[in-house]
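What follows is a short report on a single structure.
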Amino acid sequence: MKMQTQNRKTEHLKIACSENVQFREKTTGLEKIGFKGIDLEYKTLPEINKKEISLQAEFLGKKFSAPIIVEAITGGTEEARQINRDIAGACEELGIGMGLGSMRAMIENPALKETYFVRDIAPKIFLAGNIGAAQLLQYPIEKIEKAIEEIKADALAIHLNAAQEALQKEGDTNFKGVLNAIEKISAKLSKPVYVKEVGHGIGFSVAKKLAKTKIKAIDVAGAGGTSWTGIDSLRGNKELGETFWDYGIATAESIVQCRKAFKKKIIASGGIRTGLDIAKAIALGADMAGIALPVLKAQQEAGKEGVKKYLEKIIEELRIAMFLSGAKSLKELKKVKITKSR
Ligand SMILES: Cc1cc2nc3c(=O)[nH]c(=O)nc-3n(C[C@H](O)[C@H](O)[C@H](O)COP(=O)(O)O)c2cc1C
C-alpha cells in the first residue's frame with residue numbers, strides 16, 4: 001500500500017510533465033475562441049493610474065500580494081521534495097499561497113514527511129495541507145490534524161476526486177459518507193478546512209450541500225485544464241479514459257454555480273493559464289485563483305527561478321487586465337461587467 005501510493009505519485013508526475021494531459025475539446029469557458037467565451041468590459045478610458053492598482057487579497061486569515069495559490073501538486077517522493085521547495089521559495093518571494101500535494105503518502109509512511117517541509121524557506125505564505133475524500137473515511141481526524149501540524153499548514157484542503165478514482169485501476173470508489181466526514185472534520189479541526197476538486201469541477205447542488213458544513217472555501221478546480229481522468233487513463237485504463245477524458249463542469253460554469261450556492265470564499269482553478277483568466281474568474285464571482293500544471297512545468301524547466309518568472313508574468317497580466325477594466329482593487333474587479341465575446 002505504502003509503495004503503491006509513492007509509485008502512483010511518481011507516475012502521475014512523469015505523465016503530467018511528458019504527455020498532453022489537458023482537456024481536448026472542452027474549455028474553461030473563460031477564453032475567447034471564435035464566438036465562444038467571455039470578455040471583461042474594456043474601459044477605453046480607465047481613468048486610473050496603473051501603478052496604483054492593488055492586487056492585495058486576504059484568504060482564510062492570511063494576506064496575499066496577489067490573489068493566487070499554486071495548487072496542490074506533490075509530496076511523498078524524492079522528486080517532490082525539490083519541487084515543493086522551489087515552488088514554496090518562489091511563492092514566498094511573490095507573497096502568494098501554495099497547496100501541498102496529498103498528505104496520504106506521509107500518513108502511510110512517516111519517513112516521507114520531510115518531502116513536504118517548506119516552512120523553513122517559506123515562513124510567511126499561506127500553506128494548505130491536502131487529503132483525499134477516500135482517505136477522510138479511513139483516517140481518524142487526529143491523524144490528519146497531526147500531519148497538518150507537522151507540515152505547519154494554515155489550512156486543510158480536501159480533494160473530491162470521484163472522476164479520477166473511477167478511472168484509476170486501483171481507485172478508491174467508496175464515496176459513501178464523505179459529506180458527513182467533511183461536516184465532522186470542518187467542525188473539529190483546529191485549522192480552516194476547504195474543499196477542492198482536481199480538475200473536473202464542482203456544481204450547484206454539491207456546493208449547496210457543502211455550504212451547510214463549516215468549510216471556509218470551495219476551490220472549483222473545474223474542467224478545461226489538467227484532465228485527471230486523462231492522466232489516470234494514460235496509466236492503464238485507456239479505453240474508458242477516452243470516454244471520460246473531457247468529463248466535468250467547465251471552470252467558468254463551476255464558478256458561477258458555486259457562487260450561487262456558497263457565500264464564502266471561492267478559488268477559481270482548472271485551466272487558469274493567464275492573468276486575464278484570473279481577472280475574468282474574479283469578475284464572475286471568485287475571490288482567488290489557483291494554478292497547477294504550468295507551475296510544475298516551469299519548475300521542471302528552470303527550478304525556483306522558472307516558477308517565479310512564470311508567476312510574475314501571470315501577475316503582470318492580471319494587473320493589465322485590471323487596468324483595462326478600470327479596476328483599482330479586487331473589490332472593484334468583482335464589479336466589472338462581463339460581456340459575451342464576439
Ligand atoms: C502533477 C499533479 C499532481 C496533483 N496532485 C494533487 C493532489 O495531491 N491533491 C489535489 O488536491 N490536487 C492535485 N492536483 C490537482 C491540482 O491541484 C489542480 O486542481 C488541477 O491540476 C487543475 O489545475 P490546472 O489545470 O492548473 O493543472 C495535482 C495536479 C498535478 C498537475
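Please work out if L136 is within 17 Å of R8 (Cβ to Cβ), in contact (Cβ under 8 Å) with a residue 40 or more places away in the chain, buried (at least 20 other Cβ atoms within 10 Å of the Cβ) and out of contact with any Asp or Glu (no Cβ under 9 Å at 6 or more places or on another chain).
Spelling it out, it is not the case that L136 is within 17 Å of R8 (Cβ to Cβ), in contact (Cβ under 8 Å) with a residue 40 or more places away in the chain, buried (at least 20 other Cβ atoms within 10 Å of the Cβ) and out of contact with any Asp or Glu (no Cβ under 9 Å at 6 or more places or on another chain).
Go through the stretch 50-71 and report how many residues are without any contact (Cβ under 8 Å) to a residue 60 or more places away in the chain, more than 14 Å from A327 (Cα to Cα) and not in a strand (DSSP E or B).
1
Given the conditions (1) within 11 Å of the ligand (Cβ to nearest atom); (2) of a type outside the set (G, A, S); (3) in contact (Cβ under 8 Å) with a residue 24 or more places away in the chain, report the number of the one that K14 does not fulfil.
(3)
Looking at (1) without any contact (Cβ under 8 Å) to a residue 60 or more places away in the chain; (2) crowded, with 20+ Cβ neighbours inside 10 Å; (3) of a type in the set (D, E, K, R), find the lone condition where R119 falls short.
In the conditions (1) without any contact (Cβ under 8 Å) to a residue 60 or more places away in the chain; (2) crowded, with 20+ Cβ neighbours inside 10 Å; (3) of a type in the set (D, E, K, R), R119 misses (2) alone.
Can you tell me which residue among A147, A111 is surrounded by fewer than 18 Cβ atoms within 10 Å (Cβ to Cβ), in a helix (DSSP H, G or I) and over 17 Å from the mean Cα position of the chain (by Cα)?
Result: A111 is the single residue among A147, A111 that is surrounded by fewer than 18 Cβ atoms within 10 Å (Cβ to Cβ), in a helix (DSSP H, G or I) and over 17 Å from the mean Cα position of the chain (by Cα).
Please state which of the following conditions I87 fails to meet, knowing it meets all the rest: (1) over 17 Å from A16 (Cβ atoms); (2) more than 11 Å from the ligand (Cβ to nearest atom); (3) touching a residue at least 40 places away in the same chain (Cβ under 8 Å); (4) not hydroxyl-bearing (S, T, Y).
With respect to (1) over 17 Å from A16 (Cβ atoms); (2) more than 11 Å from the ligand (Cβ to nearest atom); (3) touching a residue at least 40 places away in the same chain (Cβ under 8 Å); (4) not hydroxyl-bearing (S, T, Y), I87 is out only on (1).
Hey, any hits in the stretch 267-278 for a residue that's away from the ligand (no atom under 13 Å from the Cβ) and either in contact (Cβ under 8 Å) with a residue 24 or more places away in the chain or outside any helix (DSSP H, G or I) (or both)?
Checked against the condition, which is being away from the ligand (no atom under 13 Å from the Cβ) and either in contact (Cβ under 8 Å) with a residue 24 or more places away in the chain or outside any helix (DSSP H, G or I) (or both), the stretch 267-278 yields at least one hit.
Can you confirm whether T74 is among the hydroxyl-bearing types (S, T, Y) and touching an Asp or Glu at 6+ places or on another chain (Cβ under 9 Å)?
So T74 fails the test.
Using beta carbons and a limit of 8 Å, which pairs, at least six apart or on different chains, have the first residue in the stretch 159-182 and in contact (Cβ under 8 Å) with a residue 60 or more places away in the chain and over 16 Å from K196 (Cα atoms) and the second one among the polar types (S, T, N, Q) and assigned to a helix (DSSP H, G or I)?
The qualifying pairs are A166/T229; L167/T229; L167/S233; E170/Q4; G171/Q164.
Does any residue in the stretch 248-261 that is under 9 Å from A207 (Cβ atoms) come within less than 7 Å, Cβ to Cβ, of a residue that is assigned to a helix (DSSP H, G or I) six or more places away or on a different chain, and which pairs are these?
These pairs meet every condition: Q257/F204; Q257/A207; C258/A207; K260/F204; A261/F204; A261/A207; A261/K208; A261/A211.
Hey, among S205, S186, S254, which residue is away from the ligand (no atom under 15 Å from the Cβ), part of a helix (DSSP H, G or I) and either crowded, with 18+ Cβ neighbours inside 10 Å or at pLDDT below 95 (or both)?
S186
Residue check, T74 against (1) closer than 28 Å to G248 by Cα; (2) buried (at least 20 other Cβ atoms within 10 Å of the Cβ); (3) among the polar types (S, T, N, Q); (4) at pLDDT below 95, all met but one. Which one?
The one condition T74 does not meet is (4).
State whether one or more residues within the stretch 160-173 are under 14 Å from S102 (Cα atoms) and in a loop (DSSP other than H, G, I, E, B).
There is at least one residue in the stretch 160-173 that is under 14 Å from S102 (Cα atoms) and in a loop (DSSP other than H, G, I, E, B).
Within the stretch 234-251, work out how many residues are away from the ligand (no atom under 14 Å from the Cβ), more than 21 Å from the chain's Cα centre (by Cα), of a type outside the set (K, R) and in a helix (DSSP H, G or I).
Number satisfying all stated conditions: 5.
Looking at the stretch 50-69, can you tell me whether even one residue there is within 12 Å of the ligand (Cβ to nearest atom) and closer than 24 Å to W245 by Cβ? Even if it seems obvious, please write down each step before you answer.
Of the residues in the stretch 50-69, the ones within 12 Å of the ligand (Cβ to nearest atom) are 68-69.
After this cut, where a residue has to be closer than 24 Å to W245 by Cβ as well, the list is none.
Looking through the stretch 50-69, none of the residues is within 12 Å of the ligand (Cβ to nearest atom) and closer than 24 Å to W245 by Cβ.
Determine whether A90 is in contact with a Leu (Cβ under 8 Å, 6 or more places away or on another chain), of a type in the set (G, A, S) and not in a loop (DSSP other than H, G, I, E, B).
Details: in contact with a Leu (Cβ under 8 Å, 6 or more places away or on another chain): yes; of a type in the set (G, A, S): yes; not in a loop (DSSP other than H, G, I, E, B): yes.
Yes.
The values are calculated or read from the model by the stated rules, or taken from the named source; none is laboratory data. What you are looking at is a predicted structure, and each value in this text was computed from that prediction instead of being measured. Don't worry about glycine lacking a Cβ; one is built from the backbone with ideal geometry, like all the others, and counts go over all protein chains shown.
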